[in-house]
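Asker: One structure follows; several queries about it will come next.
The values are calculated or read from the model by the stated rules, or taken from the named source; none is laboratory data. Keep in mind that this is a model prediction, so the values were computed, not measured. Counting neighbours? That spans all protein chains shown, and the Cβs are built from the backbone with ideal geometry, glycine included. Surface areas here come from the heavy atoms of the whole protein model, side chains and all, with no ligands, DNA or RNA. Shrake-Rupley method; radii C 1.70, N 1.55, O 1.52, S 1.80 Å.
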Amino acid sequence: MHLSPPPSGRRMLLAAAVAAATALVATGPVAAEPLTAQPATDRQEQYAAAAAEYGVPQSVLLGVSYLESRWDTHPGQPSTSGGYGPMHLTDAQHVLSTPASGHVDEGEDPRGDDSRPLTLDPATASAPAEDVLPQASLQTLDAAAALTGLAEETLRTDAAANIRGGAALLASYQKELGAQVGAGTDPAAWYGAVARYSGADTEDAAAAFADEVYDQLGLGATRTTDDGQRVTLAATTVTPDQSGLHKLGLRRAERPDGLECPVRLACEWIPAPYKQLSADPGDYGNHDLGNRPAQQKIEYIVIHDTEGYFGPSVNLVKDPTYLGWHYTLRSVDGYVAQHIKAKDVGWHAGNWYVNAKSIGLEHEGFAGHGTWYTEAMYRASAKLVRHLALRFQIPLDRQHIIGHDNVPGTTAGTVAGMHWDPGPYWDWSHYFDLMKAPFHSTGTPNTGLVTIDPDFATNQPAFTGCNQQPPGVPTPKPPAAPCPLRGSSAVILRTAPSATAPLVNDLGLRPNGTPDTMYISDHGARASAGQTYALADIQGDWTAIWYLNQKAWFYNPASAPTAKWANGFVVTPKAGRTTIPVYGRAYPERAAYPAGVPYQTISPLQYSLSAGQRYAVGGVLPGEYYRAVTFDGSAPGDWTVIRGENRYVQIQFGHRVMFVNLDDVQIQPASVGAPA
């Protein structure tokens, strides 16, 4: 979670962005005639008509739109960078004129280490106002309105109008490059215009977007959009003329040796400072030095969203008194900034055990607004994660590629304050498809495990409270309104196989035992795509899993399944044990600590695992504690990994992963004792 500058500062910058966008199209074509009385209703025809009207090759228009939205309309709802419709026409000014622009979670210490509590208060940090909107591309809808003569609201909400607006923009960019316009022109000649459409402010980011578009032209695509339209891009090999790229006058980002990004990914080194803040060597920020993976294996990649815009978030990570994470990704074009080397430990996940064994990626966006994450950012992130996973031998599964919302609390007292980003609108299934690690069935009901995987577009839970996500929310807060109905990775868990049954209880969030709710941040009764759980029961169209020491039911009809059958291993309490404790970190026993190094208490969470229950295994891990409490390594045992005899099993216990002591459980194939 990061903080945005005040709305007044954003709007001043937006005004400048609007003026810049208007200037960019001043030499473009005159306004087109209004839509005819009977516009095409077929989406494929709408693309063809817009391409012909503005002289854009249809394949280029389809390819650009696919890289922006995969042709989805997201009816009337903006992306995390303020873009609307299948062509992602950006209107950040309109987005920021509404009350909410982020959420705030209280109670999480991002470092998550009892031995060195965070000495700063992230809630008091403020980001400089500059670079909130570094690109005029965040206000392209105004330019599209000027070029087409269509009303801005129509461009935001009408798919056919939106496609026309995108075609008009592409044609104007092509003309400004001095290139020929015409539907029959060679798609190869449109590379520069496509690159500019990305909204990138660096040459490598613009090129990366254009390369993705032309790669997609070669692959082709066919899919059904979120409003039920079937669209096809025929596969055509095109060798683009890249000469137009250099005419855009974009900044060339520095790419120093040692940058930990794939070669074709637009990436820049913007370092997070490691700095002592006072004479006290324990007063420093904003991350810790390490020697990973030589000293300690990297087990996880943690997916976050910034809860703010790219510019302010990068400004915050450059602040030595704030927090540090490894990468920030920009929404509009997928641009990546690396801040911390993988060998070092960021302060991002709220759990020191996870921080010490993870790499943190922050994605420009908001967990609780009902907004959508752009295809450009999904693709860049998937490339980066796959690259890191292969380099550090991290399995590409949901036990190791986790959201911040899957990180457990460290102790019972920290559970309620843990963050819940990237939220229920992150498309985990598509994300893993892009990483070439799709979720697929590996078993039958008899193999004893289920992997959650609803159809993202049609799975639209009725969440509430998106209107209450601060900052910018009036005081007192308005009643929690329904969130926009849109695609989600989350399935809802109930106490019985009925749509009217109460939601299950998460004891860490509601200690009084009351049901969790559909409030957007109340994730205690949700399972998410890719997460694998032990099967507990099946009744008709309903499936039960073991979840937080109880049976939890979700709707899973054979005609439209929301999960896939899987096989693997489960844990159960050892014979004779009624219950066993559950932990949020896998720390070594007291005897493992050298003299002078304080023992880190092995503190169970408020949950327990009862006899007769089964939980999916995510791996067996050594008990480890990375000691890092001073700037210069001067404290006893500093910059060393303390290991003991304890071993732990990572399990999918609830929405978050948790740990049990290997000595307390029996590991067995999930098929043994599976429900008949």
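Asker: What's the percent breakdown of Cα-Cα distances in the stretch 637-676 across 10 Å bins, shortest bin first?
Answerer: Over the stretch 637-676, the share of Cα pairs per 10 Å bin runs 21, 36, 29, 9, 4, 0 percent.
Asker: Please give the peptides 629-638, 501-510 ranked by average Cβ packing (other Cβ atoms within 10 Å per residue), highest first, as a rough proxy for protection.
Answerer: Details: 629-638: 16.6, 501-510: 19.5.
Highest-to-lowest ranking by the protection proxy: 501-510, 629-638.
Asker: Report, to the nearest whole %, how much of the accessible area of the chain belongs to carbon and sulfur atoms, 1.4 Å probe, protein only.
Answerer: On the way: 12790 of 23550 Å².
Carbon-and-sulfur percentage of accessible area, whole number: 54.
Asker: Please compute the Kirkwood hydrodynamic radius over the stretch 396-472, one decimal place, Å, based on all pairs of different Cα atoms. Intermediate results must be reported in sequence, preceding the final value.
Answerer: Numbers: mean 1/r = 0.0652 Å⁻¹.
Hydrodynamic radius (Kirkwood, Cα only) of the stretch 396-472 equals 15.3 Å.
Asker: Let me spell out the model: positive unit charges on the Cβ of Lys and Arg, negative unit charges on the Cβ of Asp and Glu, origin at the Cα centre of the stretch 496-569. What dipole size does that give, in debye rounded to 20?
Answerer: 100
Asker: Report the charge-dipole magnitude of the chain in Debye, nearest 20, computed about the Cα centre from +1 at each Lys and Arg Cβ and -1 at each Asp and Glu Cβ. Show your work: numbers first, answer last.
Answerer: Details: 47 positive and 66 negative charges, 272 e Å.
Computed charge dipole of the chain: roughly 1300 debye.
Asker: While we're looking at this one, here's another question. Rule-of-thumb check for the stretch 431-513: C-alpha Rg over 2.2 N^0.38 Å?
Answerer: Details: Rg = 17.4 Å, N = 83, 2.2 N^0.38 = 11.8 Å.
Here the Cα radius of gyration is 1.47 times the empirical estimate.
Asker: Plugging the Kirkwood radius over Cα pairs into Stokes-Einstein for the stretch 252-315, at a temperature of 4 °C and a viscosity of 1.567 mPa s, what D comes out in µm²/s? Mind dumping the intermediate values first?
Answerer: Numbers: Rh = 15.2 Å.
Answer from the Stokes-Einstein relation: 85 µm²/s.
Asker: For helix 58-69, what angle does its Cα long axis make with the longest principal axis of the chain, in degrees from 0 to 90 and rounded to 10?
Answerer: The angle comes out near 30 degrees.
Asker: Report the one residue of 381, 410, 422 whose Cα lies farthest in the direction of the positive end of the charge dipole of the stretch 372-424 (charges on C-beta: Lys and Arg +1, Asp and Glu -1; origin at the Cα centre).
Answerer: So the residue we want is 381.
Asker: Something else: I'd like to know which of 640, 83, 670 lies farthest towards the positive end of the charge dipole of the chain, counting +1 on Cβ of Lys and Arg and -1 on Cβ of Asp and Glu.
Answerer: Going by the charge dipole, the pick is 670.
Asker: How are the alpha carbon pair distances in the stretch 215-347 distributed across 5 Å bins from zero to the largest one, expressed in percent?
Answerer: 2, 8, 13, 15, 16, 13, 11, 9, 7, 4, 2, 1, 0
Asker: Further question: What list of ³J(HN,Hα) values in whole Hz, one per residue of the stretch 218-228 in order, does the Karplus curve 6.51 cos²θ - 1.76 cosθ + 1.60 (θ = phi - 60°) give from phi, with Gly and Pro shown as x?
Answerer: My calculation for the stretch 218-228 gives x, 7, x, 6, 9, 7, 9, 6, 5, 10, x Hz in order.
Asker: Using just the C-alpha positions of the chain as equal point scatterers, what log10 of I(q)/I(0) does the Debye formula give at each q in 0.07, 0.11, 0.12 1/Å?
Answerer: With one equal scatterer per Cα and no solvent, log10 I(q)/I(0) is -0.46, -1.12, -1.30.
Asker: What ³J(HN,Hα) values, in whole Hz, does the Karplus curve 6.51 cos²θ - 1.76 cosθ + 1.60 give for the stretch 181-196 when θ = phi - 60°, with x put for Gly and Pro?
Answerer: Per-residue couplings from phi come out as 10, x, 4, x, 5, 5, x, 4, 7, 9, 4, x, 5, 5, 4, 5 Hz.
Asker: Order of 141-153, 457-469, 526-538 by packing, highest average Cβ count within 10 Å first?
Answerer: Values: 141-153: 21.5, 457-469: 18.8, 526-538: 24.6.
With the highest mean Cβ count within 10 Å placed first, the list reads 526-538, 141-153, 457-469.
Asker: Over what distance in Å are the Cα centres of the stretch 434-462 and the stretch 352-386 separated?
Answerer: Each part reduced to its Cα centre gives a spacing of 20 Å.
Asker: Roughly what angle does helix 375-392 make with the longest principal axis of the chain, taking Cα atoms, 0 to 90 degrees, to the nearest 10?
Answerer: Tilt of helix 375-392: around 40 degrees.
Asker: Sticking with this structure for a sec: Calculate for the chain the 222 nm mean residue ellipticity that helices alone would give, adding -39,500 (n - 2.57) per DSSP H run of length 4 or more and normalising by residue count, nearest 500 deg cm²/dmol. Can you show the working numbers first?
Answerer: Working: 13 runs with 142 residues, N = 676.
Helix contribution divided over all residues of the chain: -6500 deg cm²/dmol.
Asker: Long-range amide H contacts for residue 449: which residues qualify at under 5 Å (H placed 1.01 Å from N, peptide plane, sequence gap of 5 or more or a different chain)?
Answerer: 535, 566
Asker: Hey, another quick one. If you take every DSSP beta bridge fully contained in the chain, what fraction is antiparallel? Give it as a percent rounded to 5.
Answerer: 80
Asker: In degrees from 0 to 90, rounded to the nearest 10, what is the angle of the helix 159-176 Cα long axis to the longest principal axis of the chain?
Answerer: 70
Asker: Which whole-number value in Å² is the accessible area per residue of the chain, probe 1.4 Å? Working shown, then result.
Answerer: On the way: 23550 Å² over 676 residues.
Normalised by residue count, the accessible surface of the chain is 35 Å².
Asker: OK, next. DSSP loop trypsin sites (Lys or Arg not before Pro) in the stretch 387-441 with at most 10 other Cβ atoms within 10 Å of their Cβ, which ones?
Answerer: Numbers: sites: 391, 398, 436; in loops: 398, 436.
Here the trypsin sites (Lys or Arg not before Pro) that fit, given the DSSP loop and packing criteria, are 436.
Asker: Then there is this: So how do 610, 278 rank on accessible area, 1.4 Å probe, biggest first, that is with the largest at the start?
Answerer: Details: 610 25, 278 50 Å².
Highest to lowest solvent-accessible surface, that is 278, 610.
Asker: Show the residues, 5+ positions off or on another chain, whose built amide H is closer than 5 Å to the amide H of residue 306.
Answerer: So residue 306 has HN proximity to 363, 364, 365.
Asker: Let me ask another. Which one, 273, 338, 575, is farthest towards the positive end of the dipole of the chain when Lys and Arg carry +1 and Asp and Glu -1 on their Cβ?
Answerer: After comparing all options, I get 575.
Asker: Determine the shape class of the stretch 335-438: with a ≥ b ≥ c the square roots of the Cα gyration tensor eigenvalues, call it rounded for a/c under 1.5, and otherwise prolate if a/b is greater than b/c, oblate otherwise.
Answerer: Note, shape of the stretch 335-438 comes out oblate.
Asker: Sorted by average packing, counted as other Cβ atoms within 10 angstrom per residue and highest first, what order do 615-624, 569-578 take? If you can, show how the numbers build up before the last one.
Answerer: Working: 615-624: 21.0, 569-578: 16.4.
The packing order, highest mean first, is 615-624, 569-578.
Asker: Cα-Cα pairs above 12 Å in the stretch 135-182: how many percent? Let's see the in-between values first.
Answerer: Values: 668 of 1128 pairs.
Here the long-distance tail beyond 12 Å is 59 percent of all Cα pairs in the stretch 135-182.
Asker: Same structure again: Pulled fully out, how much extra length does the chain show between residue 242 and residue 41, if you take 0.36 nm times their separation in residues and subtract their Cα-Cα distance?
Answerer: 68.9 nm
Asker: Check which residues have an amide H placed less than 5 Å from residue 223's amide H, if you skip close sequence neighbours.
Answerer: Excluding prolines and chain starts, which carry no amide H, the hits are 231.
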